[in-house]
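Enquirer: Okay, here's the structure, questions in a sec.
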Amino acid sequence: MNKLKKIFATDSYIVPLVAIILGFLVGAAVMLIGGYDPIAAYGALFKRVFGSAYDFGEAIREMTPLMLTGLSVAFAFRSGMFNIGADGQVLIGMTAASVIGIKLAGLPTFLLVPLAVIGAGLFGGMWAGIAGYLKAKRGINEVITTIMLNWVALYLANYIVRTFLLIPGQNRSEDIPASMSLTFLNSIFDNARLHWGTVIALAAAVFFYIYLWKTKQGFEMRAVGLNSHAAEYAGMNVRRNVMKSMFIAGVFAGLAGAGEVLGVFHYQSVFAGSPGYGFDGIAVALLGLTHPFGVILAAILYGMLTYGSAGMSFNADVPPELIRIVIGSIIFFIAAQGIVRWVLKPFYFKRKKEKVL
C-alpha cells in the first residue's frame, strides 16, 4: 500500500489531466442525454478558438483576467486565506485605472500608463488588505468580509463613475486616451483585443513562484498557511503575513482590472451586477491546484471553454450553458481526487505487474 501511495505521489500531475478527461466525458454524456452530438459540439468549440487569428487572440484575451484572479485566489490560499473578494478587487483596480487615465490625461503617456497600472494594483491590494487587517487584528473570518467587500466595491465603483467620470446621458465613463491603450499585436491577430495584461499575468505567475518558494518571506507565508499556530510558535509574525498575503493577492486582482479597462474596453461601465471575474478565478485556482503555473494552465483551459462555448451554440446548436457542466465536472473531479485515483488504480497495478514480469 505504501508503494502504491508513492507511485500516486510521483505521478500526481496525472490526476488533473484525468479529471479534465472525465469532465469532458461527463459533458458528452449530458449532451447525449439531451439529444446533442458531443463530437460536433466539441469540434465546434475548438474550431471557435483556433479557427481564425481573431478568435485565437480573443480567446487569449478571455484567459488573461482569469490568470490574474486565479493567481489572486491561489496566493491567498497558499497563505491560509480564502479570498472570495477578487471580484471586488478587480472592480477597484478598474476604477483606479479609469480615474488615473481620465483625470490625469495631460501627463505624458510613458508616465501615465505605468501610473494607471501600478495604481490599479495598489488600490486592489489595499482593498484586499482591509479583509487581511480585520482577520489579523480582529479575527474576523475573511470569507465573510471579502464577500461583503465585493458589494461595497461594486457600489463604490458605480458611485465614482456616476459622480466623476460619467458621460451625460450614457451609462459609462469617458474614454481613456487612445495613447494609453495596452493592446498589442493587433495586426497579427486581426484586430483582436489582445493586450499587455497577458504578459503581466505571466510575470505575476513567475513572481508568485519565486516569492513563495525561493524567499524567506514566502517560506513564512506558506508556513502560516499550513499551520498558523506552529508558525507563531516558531517565532513568525502570523498577523503580518496574513495582511501581506491579502495585499499581494489584491494586487494581482487589481492588475486584472487595469487590463480590462486599458486593454479591452477603454472605458468603465456602471455595472448592474458583479462582473464575475473573481468568482471564475476561484474555479481557476482550484483547477490549477493553487500552484502558479497550474493556475496559468487552468486559465487557458477555462478561457478556451468559455470563449469556445459560443461556437457550440452557433455551429452545433448546443446550449452554451452546457460548458458549465463540463467545467463543474472538472472541478468536482479535481476536488474529489479519490475518485480519480480509483479510476487510475487498475492501470497502476497493471504497470506494476508488467515490471515484475
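Enquirer: Divide by every residue of the chain the summed helix terms, -39500 (n - 2.57) for each DSSP H run of at least 4, and state the resulting mean residue ellipticity at 222 nm, rounded to the nearest 500 deg cm²/dmol.
Expert: Mean residue ellipticity at 222 nm (helix-derived): -24500 deg cm²/dmol.
Enquirer: Follow-up. Highest first, please rank the peptides 243-252, 295-304, 156-165 by the mean number of other Cβ atoms sitting within 10 Å of their residues. The partial results should precede the final answer.
Expert: Working: 243-252: 28.0, 295-304: 23.7, 156-165: 16.8.
Ranking, from highest mean packing down: 243-252, 295-304, 156-165.
Enquirer: Explain nothing, just compute: Karplus ³J(HN,Hα) = 6.51 cos²θ - 1.76 cosθ + 1.60, θ = phi - 60°, for every residue of the stretch 264-271 in order, whole Hz, x for Gly and Pro.
Expert: Taking θ as phi minus 60°, the curve returns 10, 8, 6, 6, 10, 8, 7, 7 Hz for the stretch 264-271.
Enquirer: If you don't mind, there's one more thing I want to ask. In whole Hz, with x marking every Gly and Pro, tabulate ³J(HN,Hα) for the stretch 296-304 from phi via Karplus 6.51 cos²θ - 1.76 cosθ + 1.60, θ = phi - 60°.
Expert: Running phi through 6.51 cos²θ - 1.76 cosθ + 1.60 with θ = phi - 60° gives 4, 5, 5, 5, 4, 4, 4, x, 4 Hz.
Enquirer: Rounded to whole Hz and in sequence order, give me ³J(HN,Hα) for the stretch 200-211 from the Karplus expression 6.51 cos²θ - 1.76 cosθ + 1.60, θ = phi - 60°, writing x for Gly and Pro.
Expert: 4, 5, 5, 5, 5, 5, 5, 4, 3, 5, 5, 5
Enquirer: Further, regarding this structure: Between Leu194 and residues 5 or more places away or on another chain, which pairs have amide H atoms under 5 Å apart, with H built 1.01 Å from N, and which residues are they?
Expert: The answer is Phe184.
Enquirer: With a cut-off of 8 Å between alpha carbons and a minimum separation of six or more residues, what is the relative contact order of the stretch 208-336 in percent?
Expert: Reported as a whole number, the value is 14 percent.
Enquirer: Please compute the contact order of the chain in relative form: average sequence separation of alpha-carbon pairs under 8 Å and at least six residues apart, divided by the residue count, as a percent.
Expert: 35 percent.
Enquirer: Given a cut-off of under 8 Å on Cα pairs at least six residues apart, what relative contact order in percent is computed for the stretch 33-144?
Expert: 21
Enquirer: Among Trp213, Trp151, what's the order by accessible area (1.4 angstrom probe), most exposed first?
Expert: Correct descending sequence by accessible area is Trp151, Trp213.
Enquirer: In addition: Order the following by accessible area, largest value first: Val18, Val343. Probe radius 1.4 Å; ligands, DNA and RNA are ignored.
Expert: Output order, biggest surface exposure first: Val343, Val18.
Enquirer: Next question. Given that just one value was derived from the coordinates, which of (i) 22.0; (ii) 18.2; (iii) 20.5 is mean projected area of the Cα convex hull in nm²?
Expert: Step by step, mean projected area of the Cα convex hull in nm² for this structure corresponds to label (i).
Enquirer: Among Leu122, Leu194, Leu185, whose mean-square fluctuation peaks in a Gaussian network model of the chain (Cα, cutoff 10 Å)?
Expert: Leu185
Enquirer: Using a 1.4 angstrom probe on heavy atoms only, work out the carbon and sulfur share of the accessible area of the chain in %.
Expert: 67
Enquirer: Same structure again: Note the per residue figure in Å³ for the convex hull of the C-alpha positions in the stretch 192-342.
Expert: 159
Enquirer: Please report, to two decimal places, log10 I(q)/I(0) for the stretch 188-265 at q = 0.11, 0.21 Å⁻¹ as given by the Debye formula with identical point scatterers on the Cα atoms and no solvent.
Expert: Debye output, listed in q order: -0.41, -0.92.
Enquirer: So if R0 is 30 Å, what FRET efficiency would Val343 and Trp213 give, r being the distance between their Cβ atoms, rounded to the nearest 0.05?
Expert: The computed FRET efficiency comes out at 0.45.
Enquirer: Mean-square fluctuation check for the chain, GNM, Cα pairs under 10 Å: which of Phe279, Phe208, Phe110 is largest?
Expert: Largest GNM mean-square fluctuation: Phe110.
Enquirer: Relative to 2.2 N^0.38 Å, what does the C-alpha radius of gyration of the stretch 31-98 come to as a ratio? Two decimals please.
Expert: Scaled against compact globular proteins, the figure is 1.61.
Enquirer: Which aspartates and glutamates does Lys244 reach when only Cα atoms under 18 Å apart count, and residues fewer than 8 places away in its own chain are ignored?
Expert: Hits, sequence-local ones excluded: Glu142, Glu220, Glu232.
Enquirer: Taking a probe of 1.4 Å, how large is the accessible area per residue of the stretch 212-299, in Å²?
Expert: Details: 3660 Å² over 88 residues.
That works out to 42 Å² for each residue.
Enquirer: Let me ask you something else. How do Glu58, Glu232, Glu220 stack up against each other in accessible area, from largest to smallest, with a 1.4 angstrom probe?
Expert: So the residues, ranked largest to smallest area, are Glu232, Glu220, Glu58.
Enquirer: If you don't mind, there's one more thing I want to ask. Looking only at the stretch 321-340, which residues have a backbone nitrogen under 18 Å from a spot 7 Å from the Cα of Ala29 in the C-beta direction?
Expert: 322-340
The values are calculated or read from the model by the stated rules, or taken from the named source; none is laboratory data. Predicted model only: the values in this text are computed from it and were never measured. Neighbour counts are summed over all protein chains in view; Cβ atoms, including those assigned to glycine, are modelled from backbone coordinates with ideal geometry. Heads up: the accessible areas ignore ligands, DNA and RNA and are worked out on the full protein's heavy atoms, side chains in. Shrake-Rupley method; radii C 1.70, N 1.55, O 1.52, S 1.80 Å.
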